[in-house]
């Protein structure tokens, strides 16, 4: 799988390169600023890009803007964004095109290599991965607003994991329950929140996030 | 006060009695030149509407001002001559009247010429407006108009007395017969000079006039100086007001400086404490866990694995601490995107529905941005927490050099800045930027908070590395 990496700190760029190589990825470009990233995304046509949001030259959200620009040219170009902080505002912008194949994670998550590599694969295959930190902020707000009052505690856990982009089997492993139990919970959640039912994982994530963003 | 008097340490030349008549004569000349200047100003002003006066008017006005400034300086000189330490002037008998006035008013201010802020015709037109609306300019026009009628009459008296004295003492004895023959009658003051006896009598009277002219010269010029001061000192009241305003401003800025330095010192202490108790402590714990894991690696791999997990959790927690700290110092969205998006990001964490309407054409300066952000944050938090609002509207607008922020909520109202420390804190912090906060919160709502910060726009992109 062909990967472009954009990260301005050498230590992290090198670490990411090694980590992904170890897991069988082919690193076609490892760049350190916004313009170089945009160029690599256009010329290399990677299967997935792992991008730090804050990049030179302006050291603001150059990575995010380069990613959004590349995805306008090539809708659905898989990009996993990493950042020292996560903002629901940025998550909203990334999800706005509803094309999927997007990830938004705290940089800390790299320290859990297994989970991180899984996220890269998930984004490459068109899925949506959202950091638990963003999801928990969305859930805290939705709970305070009373929009998820109808759900049981267990259903709220499942809702959160769905919002992070996890599949039913991943949710069942995480919560130590059977997959059929997860299916039952998701059906109940969708009925209670009056969401359109879909078998497509990505549609499901978007529906849940749209609900939480309300 | 001594530097305002003729007896001051060598700053000014002492006006002597003998200089007074000559000075008076030259003041008459000045008055005539001033009249020419005022005619030039009036002529140019009349031509402004047709455009021809636009280049000439500022030049004429500037000329008039330079004349006025010269007269101000001369008026100071003769005014000072009457003060207790000046040369003995006729009015020295009543110096207590002059001295306090001078102590309060000091010297007349030399006014600077007007400067065009822009080039070209428009710049000159604006300059004309500036001049026409300048109260000091109007005072100068008035002064130059009436000076030949009033001031010049006063100034000419010493010279006139001396001339008349010379005429009586030196000319009458030789000319009385001729004058008597041609004129209807020859009077020198009250003496009817129609005989040698009377002509001889006119000599001491002429000498008396001459002496009076010399002796009273400074007094007349002082009268002239008083008149000039009255006419050209129109800006004095304004100067006094400005001084009071400046004093008030210095006091205010002094207070703000104390508050700002205190606040930033407290902020640095808080950051130091947060780092010490948070990230630093967690990194120490992480090092200890890693060290223990290394020692247990051979003997007890399971417990080593548990310790490594602990170390990883400590690293996550340290990162989370640092994130919170950074957010409190300077929120990343604010650095990345500026105020409107940073407020939108805030809105996404608020329980009530928050709409954000923004019209800010470019980035604000980073300190203003941060102050505005934290102020909005505080107001939103207050509204969400205390008013039970369901909906909050935020309006961000930049116009006429001011950032205007309006936050309206549909909550219960009745907010009182005297009671909540939050609003008082915002007012204090905004004061450092000359910003203001107005609260309108009738019982039952709605509550509107209006904040204004005068500021300049900065470039659209700012580096925040």
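Quick check, is residue A:37 in a helix (DSSP H, G or I) and touching a helix residue (DSSP H, G or I) at 6+ places or on another chain (Cβ under 9 Å)?
Values: in a helix (DSSP H, G or I): yes; touching a helix residue (DSSP H, G or I) at 6+ places or on another chain (Cβ under 9 Å): yes.
Here the answer is yes, as residue A:37 does meet what is asked.
Restricting to region A:67-107, name every residue that is at the interface with chain B (Cβ under 10 Å from one of its Cβ atoms), touching a strand residue (DSSP E or B) at 6+ places or on another chain (Cβ under 8 Å) and assigned to a loop (DSSP other than H, G, I, E, B).
Start the filter on region A:67-107 by keeping residues that are at the interface with chain B (Cβ under 10 Å from one of its Cβ atoms), which leaves A:83-93, A:106-107.
Pick out the ones that are also touching a strand residue (DSSP E or B) at 6+ places or on another chain (Cβ under 8 Å) and you get A:83-86, A:90-91, A:106-107.
Hits for region A:67-107 are A:84, A:85, A:86.
Filter region B:316-341 down to the residues that are more than 8 Å from every other protein chain (Cβ to nearest Cβ) and over 24 Å from residue B:279 (Cβ atoms) and list them by number.
Matches in region B:316-341: B:338, B:339, B:340.
What number of residues in region B:375-392 are on the phi < 0 side of the Ramachandran plot, surrounded by fewer than 21 Cβ atoms within 10 Å (Cβ to Cβ) and within 14 Å of chain A (Cβ to nearest Cβ)? Don't jump to the end; show me each part of the working.
So in region B:375-392, the residues on the phi < 0 side of the Ramachandran plot come out as B:375-387, B:389-392.
From what's left, surrounded by fewer than 21 Cβ atoms within 10 Å (Cβ to Cβ): B:377-378, B:381, B:384-386, B:390-391.
From what is left, the residues that are within 14 Å of chain A (Cβ to nearest Cβ) are B:381, B:384-385, B:390-391.
Result for region B:375-392: 5.
Output the number of residues of region A:28-39 satisfying the condition of being surrounded by fewer than 19 Cβ atoms within 10 Å (Cβ to Cβ) and either more than 18 Å from residue A:68 (Cβ to Cβ) or touching a residue at least 60 places away in the same chain (Cβ under 8 Å) (or both).
The qualifying residues number 3.
For residue A:64, state whether it is part of a helix (DSSP H, G or I) and surrounded by 19 or more Cβ atoms within 10 Å (Cβ to Cβ). Full working, then the answer.
Numbers: part of a helix (DSSP H, G or I): yes; surrounded by 19 or more Cβ atoms within 10 Å (Cβ to Cβ): yes.
Here the answer is yes, as residue A:64 does meet what is asked.
Show the residue pairs that are 6+ apart or on different chains and have beta-carbon atoms under 7 Å apart, the first residue being within region B:350-374 and within 14 Å of chain A (Cβ to nearest Cβ) and farther than 29 Å from residue B:388 by Cα, the second being in a helix (DSSP H, G or I) and modelled with pLDDT of 95 or more.
From residues that are within 14 Å of chain A (Cβ to nearest Cβ) and farther than 29 Å from residue B:388 by Cα, there are no pairs.
Does region B:156-170 include one or more residues that are touching a helix residue (DSSP H, G or I) at 6+ places or on another chain (Cβ under 7 Å) and surrounded by fewer than 13 Cβ atoms within 10 Å (Cβ to Cβ)?
no
Filter region A:40-57 for residues that are buried (at least 18 other Cβ atoms within 10 Å of the Cβ) and not in a helix (DSSP H, G or I) and give the result. Step through it out loud before you land on a result.
First pass over region A:40-57, keeping only residues buried (at least 18 other Cβ atoms within 10 Å of the Cβ): A:40-41, A:46-55.
Hits for region A:40-57 are A:46, A:47, A:48, A:49, A:50, A:51, A:52, A:53, A:54, A:55.
Among A:129, A:148, A:197, which is part of a loop (DSSP other than H, G, I, E, B), away from every other protein chain (no Cβ under 14 Å) and in contact with a helix residue (DSSP H, G or I) (Cβ under 7 Å, 6 or more places away or on another chain)?
Details: A:129 fails: part of a loop (DSSP other than H, G, I, E, B); A:148 fails: away from every other protein chain (no Cβ under 14 Å).
Unique residue meeting the criteria: A:197.
Give me a count of the residues in region B:324-336 that are surrounded by 19 or more Cβ atoms within 10 Å (Cβ to Cβ) and free of Cβ contacts under 8 Å to residues at least 12 places away in the same chain. Step through it out loud before you land on a result.
Quick first cut of region B:324-336, residues surrounded by 19 or more Cβ atoms within 10 Å (Cβ to Cβ) only: B:331-336.
Retained after the next criterion (residues that are free of Cβ contacts under 8 Å to residues at least 12 places away in the same chain): B:332.
Count: 1.
Quick check: is even one residue across region B:39-47 in contact (Cβ under 8 Å) with a residue 12 or more places away in the chain, within 22 Å of residue B:115 (Cα to Cα) and surrounded by 22 or more Cβ atoms within 10 Å (Cβ to Cβ)?
Yes: one or more hits.
Report whether or not residue A:110 is closer than 28 Å to residue B:313 by Cα and either in contact with a strand residue (DSSP E or B) (Cβ under 6 Å, 6 or more places away or on another chain) or in a strand (DSSP E or B) (or both). Give the steps one after another, and end with the answer.
Working: closer than 28 Å to residue B:313 by Cα: yes; either in contact with a strand residue (DSSP E or B) (Cβ under 6 Å, 6 or more places away or on another chain) or in a strand (DSSP E or B) (or both): no.
For residue A:110, the condition - closer than 28 Å to residue B:313 by Cα and either in contact with a strand residue (DSSP E or B) (Cβ under 6 Å, 6 or more places away or on another chain) or in a strand (DSSP E or B) (or both) - is not met.
Assess whether residue A:60 counts as being closer than 25 Å to residue B:319 by Cα and at pLDDT below 95. Steps first, answer last, please.
Details: closer than 25 Å to residue B:319 by Cα: yes; at pLDDT below 95: yes.
Taking the combined requirement at face value, the residue satisfies it.
What strands (runs of 3 or more DSSP E) lie completely within region B:390-459 and have 3 or more residues being closer than 22 Å to residue B:335 by Cα?
Working: elements: B:391-399, B:402-409, B:436-440, B:447-454.
It comes to B:391-399, B:402-409, B:447-454.
The values are calculated or read from the model by the stated rules, or taken from the named source; none is laboratory data. Not measured: the values here are computed from a predicted model. Backbone-built Cβ (ideal geometry, glycine too); neighbour counts: all protein chains shown.
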